[in-house]
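Okay, so here's the structure we're looking at.
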Protein chains: 2
Amino acid sequence: MPKHKFLLEEKDIPRKWYNLAADLPSPMQPPLAPDGSPLNPAMLERIFPGNIIEQEISTQRWIDIPEEILEILTLWRPAPLRRALALEKYLKTPARIYYKDESTSPAGSHKPNTAVAQAWYNKKFGIKRLTTETGAGQWGSALAFACNLIGLQCRVYMVRISFDQKPMRKTMMQTWGAECIASPSTHTHAGREVLKAMPHTPGSLGIAISEAVEDALSDKSNKSRYSLGSVLNHVLLHQTIIGLEAKKQLKLAKEKKPDVVIGCVGGGSNFAGVAFPFVCDKIHGEKIQIIPVEPTACPTLTKGPFAYDFGDIAGLTPLLPMYTLGHKFVPEPIHAGGLRYHGMAPLVSQAAVEGLISPRAYDQVKCYESAVIWAKTEGTIPAPETSHAIACAIDEAKKAKAEGKQKVILFCYSGHGLMDLAGYDKFLTGKLSAYHLPGHKIQDSLCALKKFPAAKKIKTGRW
Amino acid sequence: MPKHKFLLEEKDIPRKWYNLAADLPSPMQPPLAPDGSPLNPAMLERIFPGNIIEQEISTQRWIDIPEEILEILTLWRPAPLRRALALEKYLKTPARIYYKDESTSPAGSHKPNTAVAQAWYNKKFGIKRLTTETGAGQWGSALAFACNLIGLQCRVYMVRISFDQKPMRKTMMQTWGAECIASPSTHTHAGREVLKAMPHTPGSLGIAISEAVEDALSDKSNKSRYSLGSVLNHVLLHQTIIGLEAKKQLKLAKEKKPDVVIGCVGGGSNFAGVAFPFVCDKIHGEKIQIIPVEPTACPTLTKGPFAYDFGDIAGLTPLLPMYTLGHKFVPEPIHAGGLRYHGMAPLVSQAAVEGLISPRAYDQVKCYESAVIWAKTEGTIPAPETSHAIACAIDEAKKAKAEGKQKVILFCYSGHGLMDLAGYDKFLTGKLSAYHLPGHKIQDSLCALKKFPAAKKIKTGRW
């Protein structure tokens, strides 16, 4: 019988990260200071340690993974590449569907890949404490896990709607010794301002980022820094270990290359992780369709313009060149909390501008339907975020069937849904609705963005 | 650096189960009918299909695993053997601690090993629907998962206390298409009787078994059967794949043999799974200490007599020769719901009588302390049941340190605790207390057992 799993030995773990910035056809636009002027690096140094900033701006193609980080990663890595034989059979598709199983990390998602690296670099730089935000809780759990292993204090601002939907995520973070606070909170000026204006807000990643950044900046001892779970270049860099392992494993499966590579996108990190090593191949001539999948409730790549915008609601971060719905945009409380982000990683945005990737948006009902098909065939219960990638993989497998083509489909199974079963309960009892962000809300949001003086549209994209 | 993981290829999965009944020094006592007379096999045939009964009474040493079962097991098997390097370092122990990671199954525990086999044999026998009980929810989830893949209907009676503590387990079962009902329920005569006598009972496995058996027996079409997740010989048989894989993997790790083998025990299945292949070696002369660990709240092996008793509260099952606290005993609502069982697998009981295994009891506070040490070193969050094995492994590693011996310790990491975080929350906020079943309660319970006419003490053991 065909194999289900393609495993690498610990010694075969990739020893370098891949940096797409080295290979993009056009150079990346630089980040700007909040007033639109060139960025003063000193400002970044209060948010991130110097060794991380170095990685953030690097255009070196391969970056060595320090041995001590590799040692921690091998707690669960190399992660398995699995073939979805039961799903293929159910769909009667000639496609071969592979998925990189990132749900096997202790925190249950791909997030520890960068959490461990970031904690390690911060520790090395003499930092004692990290602050961060989390949406669905995957990132907060991952950073709590990493800080505990590396020996740093950790405070997590968790988006209120997810904090309420998933109280066990808090317990998970506390088990690893971290503090977890619902955002917006009264701990920060930014949080208090939002609460004044919108006392019943479900919160958003943009708000929680403001709180975490403000918290780190206000540490008088200068020993706190902020850590981000997605969006930035160094985060995406750390995640490329996913695609690099998958490449080795596809060889074990005797596949020359994937025809389709799929990842869900919120800030862009798991998508970039699985896809960038293949974007590199595409730049060098391979024919590969590469699809980031976002929710229709937060259609950044499919409906937003490519513009300079803040990463957070309060405007504490530098201006980033990215697809965005405007930093004041608060997405509906869909269950895929990790995809509720107004912006998009600059590297993913640039790859979209270059036409290297083909974004798509799915609604949450379609995604839960796909997730249940998955659970009933492959057996595992995916995170709501991951279900976006699964829905797309199913569509592509059906297309391969219609076309009679033996396509190789690879997607990132970014995390399990064991902490997200409340959403499944709603779906199974018919209480969940599809949500497409209406046109007038997109217009409102983009008008607000246009009026914001520092924002400017770049080269291409809608406005 | 030393390796964390010892992986087998799918082709190296064991193809036979090991049956300890073939090797026990004394023959097993037979099960008896509820009135104490020799058992009429026809009664069993209304509860279990013939092919399962055949396995239940088999004394054949090796039993072939059907190819179709192997194909489903390879969705997640072979399961990894991991070495707890970080815990060893934390304990500064010369011991090498290995754990067989059964948490990697879709349902999150070792339970699917037998759920898949049982569903397959029932389907082959023409059965359409299975009923069962579940404590913590691990077994119910596993059977829901297996029935969905094999194509059977499934109804699960879940012990009320766990149903309330872990509502997400219900959603998990429903995602796989099963029904999940809190027990005691009004669906059965047995449930209604218990509710009448104890309206606020937390429920117990003994009660839920009565309900599930009655439900299967009352199907007029004769197409329903009952499925048990532990205790019986065939269940333990299916779990021996755990220890058989572990043996191959210890060879990969270049270990000659384990010095200590540990598993938590409720009904006995994960313990038997990891331990029986090594009990076989012990019978043939190897020096191995084999430790089943039970909760002090339900000290069946350490405080109960070896006697004939019912498997359920209502007395619907045959009388089994086992260590027992009496079938009317309802354990305190500790968080390790899977260990709240008044009896013990006859095969495990017999191994204890023969002196082949050395039972031990731990309280839940000690177990949660060990679980948090584990989470902070090895990174993963164990099930409360599993934490009993971890507590013992830590004790044994400390003992090896005190003795200056390089012992090899193997334990079964029977499941993850991601659905059990409510217990961690209580522990972390100081709301959990150690619970030792007081002597007078044990005396009461055993008096009740003695008065029960069909029960009789066997050979040895307390009374």
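The values are calculated or read from the model by the stated rules, or taken from the named source; none is laboratory data. The structure presented is a predicted model; accordingly, all values stated were derived computationally and were not measured. Cβ coordinates were reconstructed from backbone atoms using ideal geometry, including for glycine residues, and neighbour counts include every protein chain displayed. Accessible surface areas use protein heavy atoms only, side chains included; no ligands, DNA or RNA. Shrake-Rupley method; radii C 1.70, N 1.55, O 1.52, S 1.80 Å.
Condition first: open to solvent by 20 Å² or more (accessible area, probe 1.4 Å), within 14 Å of another protein chain (Cβ to nearest Cβ) and under 26 Å from A:PHE125 (Cα atoms). Now tell me which residues in region A:1-19 satisfy that.
Of everything in region A:1-19, just one residue is open to solvent by 20 Å² or more (accessible area, probe 1.4 Å), within 14 Å of another protein chain (Cβ to nearest Cβ) and under 26 Å from A:PHE125 (Cα atoms), namely A:ARG15.
Looking at region A:412-427, can you tell me whether even one residue there is touching a Cys at 6+ places or on another chain (Cβ under 9 Å) and either under 26 Å from A:GLN249 (Cα atoms) or among the small types (Gly, Ala, Ser) (or both)?
Yes: region A:412-427 contains one or more residues that are touching a Cys at 6+ places or on another chain (Cβ under 9 Å) and either under 26 Å from A:GLN249 (Cα atoms) or among the small types (Gly, Ala, Ser) (or both).
Identify all residues within region A:261-289 that are surrounded by 24 or more Cβ atoms within 10 Å (Cβ to Cβ) and either β-branched (Val, Ile, Thr) or assigned by TED's automatic domain parsing to the domain that holds A:GLN138 (or both); write none if there are none.
Selection gives A:VAL261, A:ILE262, A:VAL265, A:VAL274, A:VAL279.
Could you list, in sequence order, the residues of region B:147-182 that are more than 20 Å from A:ASP425 (Cα to Cα) and facing chain A (nearest Cβ under 10 Å)?
Once the filter is applied, which keeps residues that are more than 20 Å from A:ASP425 (Cα to Cα) and facing chain A (nearest Cβ under 10 Å), region B:147-182 yields only B:LEU149.
Please go through region B:107-125 and pick out each residue that is free of Cβ contacts under 8 Å to residues at least 40 places away in the same chain and open to solvent by 20 Å² or more (accessible area, probe 1.4 Å).
Passing the criteria: only B:LYS123.
Looking at region B:150-173, which of the residues that are at pLDDT below 95 and of a type in the set (A, V, I, L, M) is farthest from B:HIS342 (Cα to Cα)?
Checked region B:150-173; the qualifying residue farthest from B:HIS342 (Cα to Cα) is B:MET168.
Provide a single number: the residues in region A:77-107 that are within 17 Å of the chain's Cα centre (by Cα) and under 30 Å from A:LYS254 (Cβ atoms).
Here is the first cut: in region A:77-107, the ones within 17 Å of the chain's Cα centre (by Cα) are A:99-105, A:107.
Filter once more, so that each one left must be under 30 Å from A:LYS254 (Cβ atoms): A:99-105.
Number of matching residues: 7.
I'd like the residue in region B:421-440 that is among the aliphatic types (A, V, I, L, M) and more than 12 Å from chain A (Cβ to nearest Cβ) and, out of all such residues, is most open to solvent (accessible area, probe 1.4 Å).
Initial filter on region B:421-440 (among the aliphatic types (A, V, I, L, M)): B:421-422, B:428, B:432, B:434, B:437.
Now restrict to residues that are more than 12 Å from chain A (Cβ to nearest Cβ): B:432, B:434, B:437.
Working: B:LEU432: 29, B:ALA434: 48, B:LEU437: 18 Å².
Taking the candidates together, the pick is B:ALA434.
Just one of the numbered conditions (1) in the same structural domain as B:ILE150 (by TED's automatic domain parsing); (2) out of contact with any helix residue (DSSP H, G or I) (no Cβ under 8 Å at 6 or more places or on another chain); (3) of a type in the set (D, E, K, R) is not true of B:GLU71; which one?
(1)
Whether any residue in region A:62-72 is surrounded by fewer than 21 Cβ atoms within 10 Å (Cβ to Cβ) and without any contact (Cβ under 8 Å) to a residue 12 or more places away in the chain is what I want to check.
Checked region A:62-72: at least one residue is surrounded by fewer than 21 Cβ atoms within 10 Å (Cβ to Cβ) and without any contact (Cβ under 8 Å) to a residue 12 or more places away in the chain.
For B:GLY379, indicate whether it is without any contact (Cβ under 8 Å) to a residue 24 or more places away in the chain and farther than 14 Å from B:THR296 by Cα.
Working: without any contact (Cβ under 8 Å) to a residue 24 or more places away in the chain: no; farther than 14 Å from B:THR296 by Cα: yes.
Considered against the rule, which asks whether it is without any contact (Cβ under 8 Å) to a residue 24 or more places away in the chain and farther than 14 Å from B:THR296 by Cα, B:GLY379 comes out as no.
Based on this model, can you work out whether A:ARG160 counts as under 30 Å from A:LYS256 (Cβ atoms), open to solvent by 40 Å² or more (accessible area, probe 1.4 Å) and of a type in the set (Lys, Arg)? Before the answer, list the steps.
Numbers: under 30 Å from A:LYS256 (Cβ atoms): no; open to solvent by 40 Å² or more (accessible area, probe 1.4 Å): yes; of a type in the set (Lys, Arg): yes.
No, not satisfied.
If B:THR104 satisfies every condition in (1) open to solvent by 10 Å² or more (accessible area, probe 1.4 Å); (2) assigned by TED's automatic domain parsing to the domain that holds B:GLY338; (3) in contact (Cβ under 8 Å) with a residue 40 or more places away in the chain but one, which is the exception?
Unmet for B:THR104, out of (1) open to solvent by 10 Å² or more (accessible area, probe 1.4 Å); (2) assigned by TED's automatic domain parsing to the domain that holds B:GLY338; (3) in contact (Cβ under 8 Å) with a residue 40 or more places away in the chain: (3).
With within 14 Å of another protein chain (Cβ to nearest Cβ) and open to solvent by less than 10 Å² (accessible area, probe 1.4 Å) as the only criterion, which of A:LEU143, A:LEU130 stands out?
Values: A:LEU130 fails: within 14 Å of another protein chain (Cβ to nearest Cβ).
Going through A:LEU143, A:LEU130 in turn, the sole match is A:LEU143.
Looking at (1) more than 14 Å from chain A (Cβ to nearest Cβ); (2) closer than 30 Å to A:MET168 by Cβ; (3) more than 24 Å from the chain's Cα centre (by Cα), which is the one condition that is false for B:PHE411?
For B:PHE411, the failing item is (3).
Which members of region A:167-214 meet the condition of being open to solvent by less than 10 Å² (accessible area, probe 1.4 Å) and charged (D, E, K, R)?
A:ARG169, A:GLU211
Quick one: which of B:TYR98, B:TYR90 is assigned by TED's automatic domain parsing to the domain that holds B:ILE313 and out of contact with any Ser or Thr (no Cβ under 9 Å at 6 or more places or on another chain)? Outline the logic, then answer.
Numbers: B:TYR90 fails: out of contact with any Ser or Thr (no Cβ under 9 Å at 6 or more places or on another chain).
The unique qualifying residue is B:TYR98.
If you go through region B:36-51 one residue at a time, do you hit one that is in a loop (DSSP other than H, G, I, E, B), within 14 Å of chain A (Cβ to nearest Cβ), touching a Pro at 6+ places or on another chain (Cβ under 8 Å) and over 28 Å from B:LYS256 (Cβ atoms)? Break it down stepwise before answering.
From region B:36-51, those in a loop (DSSP other than H, G, I, E, B) are B:36-37, B:39-40, B:48-49; that's our starting set.
Those left that are additionally within 14 Å of chain A (Cβ to nearest Cβ): none.
For region B:36-51, residues in a loop (DSSP other than H, G, I, E, B), within 14 Å of chain A (Cβ to nearest Cβ), touching a Pro at 6+ places or on another chain (Cβ under 8 Å) and over 28 Å from B:LYS256 (Cβ atoms): absent.
Here is a list of conditions, (1) open to solvent by 20 Å² or more (accessible area, probe 1.4 Å); (2) modelled with pLDDT of 95 or more; (3) more than 18 Å from B:GLY273 (Cβ to Cβ); (4) not charged (D, E, K, R), and B:ALA22 meets all of them except one; can you say which number that is?
Unmet condition: (3).
Restricting the search to region A:382-422, which residues are closer than 19 Å to A:ALA246 by Cβ and free of Cβ contacts under 8 Å to residues at least 24 places away in the same chain?
A:ILE390
So how many residues does region B:62-78 have that are assigned to a helix (DSSP H, G or I) and either among the aliphatic types (A, V, I, L, M) or at the interface with another protein chain (Cβ under 9 Å from one of its Cβ atoms) (or both)?
Of the residues in region B:62-78, 6 are assigned to a helix (DSSP H, G or I) and either among the aliphatic types (A, V, I, L, M) or at the interface with another protein chain (Cβ under 9 Å from one of its Cβ atoms) (or both).
List the number of the failed condition for B:ALA86; all other conditions in (1) within 9 Å of chain A (Cβ to nearest Cβ); (2) buried (at least 24 other Cβ atoms within 10 Å of the Cβ) hold.
(2)
Tally up the residues in region A:222-266 that are under 17 Å from the mean Cα position of the chain (by Cα), assigned to a helix (DSSP H, G or I) and of a type in the set (Gly, Ala, Ser), please.
1
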